[in-house]
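The structure appears below as structure tokens.
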């Protein structure tokens, strides 16, 4: 089944370019376009896309506020934030609003295709530049800056902590299962327990926390036996 995509950007040239890239691949169907956040909400309700590609800086209401509104819908889509602005605060705002990823507009066509596919599958996607900045900022923090939360992270079982770290790396459940040599059901169980233990609502919040806690890819527990 094709992935249904809505493109939201206040520049028609950008919308046309994104549409051309996606329509060149038969795994995607562009169901509509919107020029601002107000139109984005209306178009989402009308077309029921699987993924919304969302510019963050737009007239009327911006992409962050529009994303918040989309997350309140009965069947919210996945949101992939796409912008020319690379600021830490904007990244955190977008992800906290419910976006499943954040990419810069200088990405290559194949990167866009891969990102939309991954977000549609439930993964979290970040451009390398943004990932590097967030991880660097997380490592620069003192461990005592949020000791209560750090204690909760430290008390996670190995499998739960490993899943948290890989969610922070943007992995889908399927890829986490392959990476940790677990069944898909086990990954879902670990993820659910981890979210409950940390008081988080979704994978996006978990990804942010993983960055902020400095759980860089490659340093995770890998046995997942607990």
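The values are calculated or read from the model by the stated rules, or taken from the named source; none is laboratory data. Quantities reported herein were computed from a predicted structural model and do not represent experimental measurements. Counting neighbours? That spans all protein chains shown, and the Cβs are built from the backbone with ideal geometry, glycine included.
Any residue that is buried (at least 18 other Cβ atoms within 10 Å of the Cβ) and in contact (Cβ under 8 Å) with a residue 60 or more places away in the chain - is there at least one of those in the range 167-178?
Of the range 167-178, the ones buried (at least 18 other Cβ atoms within 10 Å of the Cβ) are 167-173, 176-177.
Next, only the ones that are in contact (Cβ under 8 Å) with a residue 60 or more places away in the chain stay: 170.
Checked the range 167-178: at least one residue is buried (at least 18 other Cβ atoms within 10 Å of the Cβ) and in contact (Cβ under 8 Å) with a residue 60 or more places away in the chain.
Find the helices (runs of 4 or more DSSP H) located wholly in the range 144-226 whose residues include 3 or more that are in contact with a helix residue (DSSP H, G or I) (Cβ under 8 Å, 6 or more places away or on another chain) and at pLDDT 85 or above, and list them. Reasoning before the result, please.
Values: elements: 147-154, 158-168, 173-180, 184-198, 203-212.
Filter on the range 144-226 gives 158-168, 173-180, 184-198.
Quick one: would you say residue 52 is under 16 Å from residue 115 (Cα atoms) and surrounded by fewer than 21 Cβ atoms within 10 Å (Cβ to Cβ)?
Details: under 16 Å from residue 115 (Cα atoms): yes; surrounded by fewer than 21 Cβ atoms within 10 Å (Cβ to Cβ): no.
It is false that residue 52 is under 16 Å from residue 115 (Cα atoms) and surrounded by fewer than 21 Cβ atoms within 10 Å (Cβ to Cβ).
Test each condition in (1) in contact with a helix residue (DSSP H, G or I) (Cβ under 8 Å, 6 or more places away or on another chain); (2) at pLDDT below 85; (3) closer than 20 Å to residue 172 by Cα for residue 128 and report the one that comes out false.
(1)
Which of the residues belonging to the range 55-65 are closer than 21 Å to residue 16 by Cα and crowded, with 18+ Cβ neighbours inside 10 Å?
55, 56, 58, 62, 63
Scan the range 40-58 residue by residue and report those that are closer than 19 Å to residue 84 by Cα and in contact (Cβ under 8 Å) with a residue 60 or more places away in the chain.
53
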